[in-house]
Amino acid sequence: MNLTAEQERRAHATYRRLAVVDFPEDLRLGLNLGFYRTFAVPAIARVLTGTGKMTGRPKARAKATGAVMYTLIEHGLDHPTGRETVALLNRLHAHLPVGDEEFVYVLAAFCVAPLRWIDARSWRSTTEAEKDAAFDFYAGLAQRMGIKGVPGSYTALATWMDEFEERRFANTAEGRALLDATRGLLADRFPRLPTAPVRAASDALLDERMLVAFGVEPPPSAVRGLVGAALRWRASRLRRRHRHRGPNR
Ligand code: HEM
């Protein structure tokens, strides 16, 4: 699918507003959750543990990934900085021992997982136009990264992602090592709290398919209830804040 430069510009403006203005925290968390999903794909987990960055220096790797993605979101794909960033991505990903399907999956995880998180947990759902814009933005990235086989719409990509996960998610030692390294990151954010409840609360952010894939026990229902209540409280606070701010932000 080839968009005109003007269509791409509009899609980027809509996606940027979603990511930076309307859902800054949710999109960041959603990108992280999307990244964690990729650990449940054995071929991807093998490569990521192979480089040692994610398991050895998880904080630095997570930060670097976020910084690169936000540079793209902030500037767009055709801004000089965006172009440099795409070139960097192409260098980082040259000669990885994975196929196009794995690339489409990582793309889907970055595109779809944050929007699903927002729809389930944030102060409002994303609109069709926002979903289309997110898709157009990531399809444009795929095109510039030479990724083949990307489904043709947001809905098709989301369906493809579910089907891929059913087919390919599996519990491996590499995947668990990656998950444990990132769970440690969350616990580090709350140094004064005991690790076990923080870990249980962070597991409550993972969905059933991921928990099953990693063989992680679902957190106790009391923890899930508390996390759910905290997120609903947060959503209503954000809703009020956005209502007061009005549409002309
Ligand atoms: C469209 C799909 C993808 C996007 C948008 C993407 C995004 C990124 C980003 C933003 C970084 C920079 C992190 C840094 O600077 O350290 C990175 C690095 C990297 N990515 Fe990807 N990625 C994609 C697909 C994949 C796939 C399919 C694999 C296969 C396992 C992969 C493996 C890696 C590796 C090995 C690095 C180098 C850093 C390290 O060793 O951990 N990526 N990716």
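Using only helices, what value at 222 nm comes out for the chain when you add -39,500 (n - 2.57) per DSSP H run of length 4 or more and divide by the total residues, to the nearest 500 deg cm²/dmol? Display every interim value, and only then the final one.
Numbers: 13 runs with 185 residues, N = 249.
Computed ellipticity for the chain at 222 nm equals -24000 deg cm²/dmol.
With θ set to phi - 60° and the Karplus curve 6.51 cos²θ - 1.76 cosθ + 1.60, what are the ³J(HN,Hα) couplings of region 67-77 in order, to the nearest whole Hz, using x for Gly and Pro?
4, 5, 5, 5, 4, 5, 5, 5, 9, x, 7
With charges only on Cβ, +1 for K and R and -1 for D and E, what is the dipole size of region 2-135 about its Cα centre, in debye, rounded to 20?
On the way: 18 positive and 15 negative charges, 134 e Å.
Dipole about the Cα centre, nearest 20: 640 debye.
In region 5-189, with Lys and Arg counted as +1 and Asp and Glu as -1 at Cβ, which of these residues, Thr172, His79, Ala19, has the Cα nearest the positive end of the dipole, that is, farthest along it?
Ranked along the dipole, the leading option is Thr172.
Below 26 Å, Cα to Cα, which lysines can Lys148 reach? Residues fewer than 8 away in the same chain don't count.
Output for Lys148: Lys131.
Sort Ile147, Ile118 so that the residue with the fewest other Cβ atoms within 10 Å of its own Cβ comes first and the one with the most comes last. It would help to have the intermediate numbers written out before the result.
Details: Ile147 19, Ile118 22.
Exposure proxy ranking, most exposed first: Ile147, Ile118.
Suppose every Lys and Arg Cβ carries +1 and every Asp and Glu Cβ carries -1, with no other charges. What dipole size does the chain come out with about its Cα centre, to the nearest 20 debye?
Working: 38 positive and 27 negative charges, 255 e Å.
That gives a dipole near 1220 debye.
Could you state, as a whole-number percent, how many of the C-alpha pairs of the chain are farther apart than 23 Å? Show your work: numbers first, answer last.
Details: 16039 of 30876 pairs.
In whole percent, the share of Cα-Cα pairs in the chain beyond 23 Å is 52.
Report the calculated FRET efficiency for Ser236 and Asp119 (r = Cβ-Cβ distance, R0 = 25 Å), to the nearest 0.05.
Values: r = 16 Å, r/R0 = 0.64.
Computed FRET efficiency for Ser236 and Asp119 comes out at 0.95.
If you average the alpha carbon positions of region 22-40 and of region 75-130, how far apart do those two centres end up, in angstrom?
Using only Cα atoms to place each centre, the spacing works out to 10 Å.
If a/c stays under 1.5 just call it rounded; otherwise compare a/b with b/c (prolate if a/b is bigger, oblate if not). Do that for region 1-120, with a ≥ b ≥ c from the square roots of the Cα gyration tensor eigenvalues.
Numbers: a/c = 1.67, a/b = 1.35, b/c = 1.23.
In terms of gyration-tensor shape, prolate.
If you place +1 on the Cβ of every Lys and Arg and -1 on the Cβ of every Asp and Glu, how big does the dipole about the Cα centre of region 47-121 come out, in debye to the nearest 20?
On the way: 9 positive and 7 negative charges, 101 e Å.
Dipole magnitude for region 47-121 comes out near 480 debye.
Along the charge dipole of the chain, pointing to its positive end and built from +1/-1 on Cβ of Lys, Arg, Asp and Glu, which listed residue (Leu193, Ala108, Thr38) has its Cα farthest out?
Highest projection toward the positive end goes to Leu193.
Laboratory data are not the source of any read-out in this text; all were calculated from the coordinates shown. For clarity, every value in this text was computed on a predicted model and none was experimentally measured. Every residue, glycine as well, gets a Cβ built from its backbone with ideal geometry; the counts of neighbours run over all protein chains shown.
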